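All remarks here apply to the structure that follows.
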Amino acid sequence: QVQLVESGGGLVQPGGSLRLSCAASGNAFGANAMGWYRQAPGKQRDLVASITSGGSTNYADSAKGRFIISRDNAKNTVYLQMNSLKPEGTAVYYCNFRYVIGDYWGQGTQVTVSS
């Protein structure tokens, strides 16, 4: 089993920054990819950014140029640095670790962008 714990969410003003972290524990080594998704009220869960075991990254158009995903393999942790946040970024953010046997999800962390 793999347990994922997110942290770093909160309330931030438009234009501000937040850094999300997601730490994996349990039988957590060997993830093929890690990612961040977000879900706003009444909407589907969408990919924000992902990073493969080799370090290749992929970003949603809304995140390009403002967000940076990174990973620390030794700590089994993935990060999402979010800059120039906009009100439409308000959502619950979930981390995802993808293995050959399947996906694991964190419990989510709320990000609210508001003045």
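The values are calculated or read from the model by the stated rules, or taken from the named source; none is laboratory data. The structure displayed is predicted, hence computed values, not measured ones. Ideal geometry is used to build each Cβ from the backbone, glycine not excepted, and the neighbour counts take in all protein chains shown. Side chains are part of the model used for accessible areas, which takes the heavy atoms of the whole protein and leaves out ligands, DNA and RNA. Shrake-Rupley method; radii C 1.70, N 1.55, O 1.52, S 1.80 Å.
Looking at P41 and the list (1) under 23 Å from T112 (Cβ atoms); (2) touching a Leu at 6+ places or on another chain (Cβ under 7 Å); (3) modelled with pLDDT under 95, which single condition is not satisfied?
(2)
Can you tell me which residues in segment 17-32 are open to solvent by less than 20 Å² (accessible area, probe 1.4 Å) and either under 16 Å from the mean Cα position of the chain (by Cα) or modelled with pLDDT of 95 or more (or both)?
L20, C22, A24, A31, listed by residue number.
Just to be sure before I move on: is I51 open to solvent by 60 Å² or more (accessible area, probe 1.4 Å), part of a strand (DSSP E or B) and β-branched (V, I, T) in the structure I sent?
When the stated conditions are applied, I51 does not pass them.
For segment 58-79, which positions are open to solvent by 70 Å² or more (accessible area, probe 1.4 Å) and either outside any loop (DSSP other than H, G, I, E, B) or acidic (D, E) (or both)?
N58, D61, I68
I need the full set of residues from segment 80-93 which are under 20 Å from L4 (Cβ atoms) and either over 11 Å from the mean Cα position of the chain (by Cα) or surrounded by fewer than 21 Cβ atoms within 10 Å (Cβ to Cβ) (or both), in order please.
Listed by number, the residues that qualify are Q81, A91, V92.
Kindly indicate whether L11 is open to solvent by 60 Å² or more (accessible area, probe 1.4 Å) and among the hydrophobic types (A, V, I, L, M, F, W, C).
yes
Counting only residues that are in contact with a Ser or Thr (Cβ under 6 Å, 6 or more places away or on another chain) and free of Cβ contacts under 8 Å to residues at least 24 places away in the same chain, which one in segment 30-67 is nearest to V92 (Cα to Cα)?
Only one residue fits best here, namely R66.
Go through the residues of segment 106-115 one by one and say whether even a single one is hydrophobic (A, V, I, L, M, F, W, C), modelled with pLDDT of 95 or more and touching a helix residue (DSSP H, G or I) at 6+ places or on another chain (Cβ under 9 Å).
Yes, segment 106-115 contains at least one residue that is hydrophobic (A, V, I, L, M, F, W, C), modelled with pLDDT of 95 or more and touching a helix residue (DSSP H, G or I) at 6+ places or on another chain (Cβ under 9 Å).
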